[in-house]
Amino acid sequence: MNTANFIAKRYLFSKKSVNAINVISAISMIGVLVASGALIVILSVYNGLEGLVLSMYSSFSSELRIEPASGKVFKEDVAVFQQIKKDPRILNYSCVLQEKVLLRYKDYQYIASMKGVDSSYELNKPSASLLWDGEFVLQQNGIDYAVLGAGAYSNLGVSLNNILAEVEVFSPKKGVRSALNPADEFNVRNIAPVGVFKAQQELDDLLIVPLDFAREVLGEYEEVSAIEINLKKGIGLARVQQDIQKLLGDRFVVKNRVEQNPGLYKLLNSEKWMVFFILAFVLVIAAFNIVGSLTMLVIDKQKDVAVLNSLGAPNSLIKRIFFLEGIFISMIGCIGGLVLGAVFCMIQEKFGLVRMGTSTIASDVYPVAMRWGDFLLVFLTVLLVSGTASAISSRLSVRNMEQLKASE
C-alpha cells in the first residue's frame, strides 16, 4: 500500500478542524473545474468555427492548384498536363483564367477579380447553401452568365430581377496605348448576372464567368492562370501533390488549400491559441490557490505530521502527501470540468442553445466540434500547472513545519 497516497486521500475527504480550509479547497477545485470546462468549450467552438469557415472557403478552392512559378499565365495544352489530366486519382481537372477587371452596372463601377472557368468547374461548383440569391449557372442554351460575390453585388447595386440590365466588363487591350478614342484601349463585353454567393470576405470581389468569355475579355486565347484539381475520395493529397510537383519541375508551383490561402489558416490558428493561453492563465491563478489551501492544511495537521515524524517518516514522505493532496484537488476539478464542457458541447451541437445574434448564410448558431486532442491538451495543462503548484506548496509546507518545530 502506498502510504502517501492513502493519507492524502484521507486528508482530502476528512473534515478539517478549521472550516476555512474546506472552503479554500472547494474554491480551488471549482476554479480548476470552471477553467477546464471553459477551455474545452472555447476550443470546441473555435474548432467548429474553423470547420465552418474552411468549408465555405473550400467550396471556392480546389484541393490542389497549379500556378506558374513566375508570370501570370502559361500554356496548358502540353504533354505534361495531358499526362496529369489522365491520372486516375484525379476526379476533377479545371482550367482557370483569372485577372482584375473593371465592372460597370448602370451608374456604378467596381474593380473585381474575374475568374473564368471551364465546363468541368460546374461539376464541383459551390454548394447551394452559399448562394445568397439566384442560381449558380454559367452557361445555358449557348448564353453566358455570371455569378457575383456579395461585395461586387452590393457595390454595383445589381438587380437579378432585371433581365435586361447586364454587367459591362472592361479589361485593357494588350499592346494598345494612348489611342485617340479611350474606348479603343479596352476590351468590353456584357454578361447577365444570375446569382450571388456569400462566403469569405476575400472572395466577395469575385466574378465567376465561363472560360471562353474570360478569354475574350482578357485577350488570352491560349493560356490559363491556373489549373484546379480535385481528387477522388480516399486518395492521399500529399502524395499526389508531391508527384505532380516532381512531374512539373521548378517552373510551376503546386499548392494545397493551406498554401493557397495561408493567411486565413494562420489567423484561425493564432486566434484559437491566443484564447487558449488567456484561459490557461486563468487556470494558473485558480490552481495556485492550492498553495494557500495546502499551507493551511499542514498547519491543521501538525499533530499528524509530528506523529509521522516520530515514527520515522522522512520529509520526502510528508512532501509527497501534500503534493498528492494538491494533485487530487486539481484532478477532481479537471475531470469534472472536462465532463461538464463535453456535456455543454453536445447540448449545443444538438439543440443550438447559444446563437450568434446575427443570421449568416451558413449558420446562425455557434458550431462546436470536439476533438480528443483538446481534451488531452487541457488535461496535461492542468496536470502541469497543478503539479507545479503542488510541488511548491509541499516544499513550503515542510519548511513551515520545520519553523514551527524550531519555535516550540
All but one of (1) under 21 Å from ARG215 (Cβ atoms); (2) in contact with a helix residue (DSSP H, G or I) (Cβ under 9 Å, 6 or more places away or on another chain); (3) buried (at least 17 other Cβ atoms within 10 Å of the Cβ) hold for TYR105, so report the exception by its number. (1)
Filter result for PHE322 (among the aromatic types (Phe, Trp, Tyr), at pLDDT below 75 and within 18 Å of SER394 (Cα to Cα)): no
Any residue at all in the range 200-215 that is over 25 Å from ASP77 (Cα atoms), at pLDDT below 90 and assigned to a loop (DSSP other than H, G, I, E, B)? yes
In the list ILE335, ILE347, ILE290, ILE327, which residue meets the criterion of being aliphatic (A, V, I, L, M), touching a helix residue (DSSP H, G or I) at 6+ places or on another chain (Cβ under 6 Å) and modelled with pLDDT of 80 or more? ILE327
Within the range 63-85, the residues that are part of a loop (DSSP other than H, G, I, E, B) and in contact with a strand residue (DSSP E or B) (Cβ under 9 Å, 6 or more places away or on another chain) are GLU63, ALA69, LYS72, VAL73, GLU76
Restricting the range 42-91 to residues that are within 20 Å of ASN230 (Cα to Cα), buried (at least 18 other Cβ atoms within 10 Å of the Cβ) and β-branched (Val, Ile, Thr), the one nearest to the chain's Cα centre (by Cα) turns out to be VAL53
Give me the pairs, please: first residue somewhere in the range 152-164 and closer than 16 Å to LEU103 by Cβ, second residue anywhere and assigned to a loop (DSSP other than H, G, I, E, B) and among the acidic types (Asp, Glu), beta-carbon distance under 9 Å, and either six or more positions apart or on two chains. ALA152/ASP204; ALA152/ASP205; TYR153/ASP204; SER154/ASP204; ASN155/ASP205; GLY157/ASP107
Cβ pairs under 7 Å, 6+ apart or interchain, first in the range 118-138 and under 17 Å from GLN200 (Cβ atoms), second modelled with pLDDT of 80 or more and assigned to a loop (DSSP other than H, G, I, E, B), ordered by first then second residue, are LYS125/PHE136; PRO126/PHE136; LEU130/LYS198; TRP132/LYS198
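So which helices (runs of 4 or more DSSP H) stay within the range 244-353 end to end and still have 2 or more residues that are within 21 Å of ILE30 (Cα to Cα)? Quick ask: steps written out before the conclusion?
On the way: elements: 257-260, 262-287, 289-300, 302-310, 315-351.
Qualifying helices (runs of 4 or more DSSP H): 262-287, 289-300, 315-351.
Within the range 216-243, how many residues turn out to be assigned to a strand (DSSP E or B) and loosely packed, with under 13 Cβ neighbours inside 10 Å?
Of the range 216-243, the ones assigned to a strand (DSSP E or B) are 223-224, 226-231.
Then keep just the ones that are loosely packed, with under 13 Cβ neighbours inside 10 Å; that gives none.
Residues that pass the stated criteria total 0.
The values are calculated or read from the model by the stated rules, or taken from the named source; none is laboratory data. Being a predicted model, the structure only gives us computed values, none of them experimental. Using ideal geometry, Cβ is built from the backbone for each residue, glycine included, and neighbour counts are taken over all protein chains shown.
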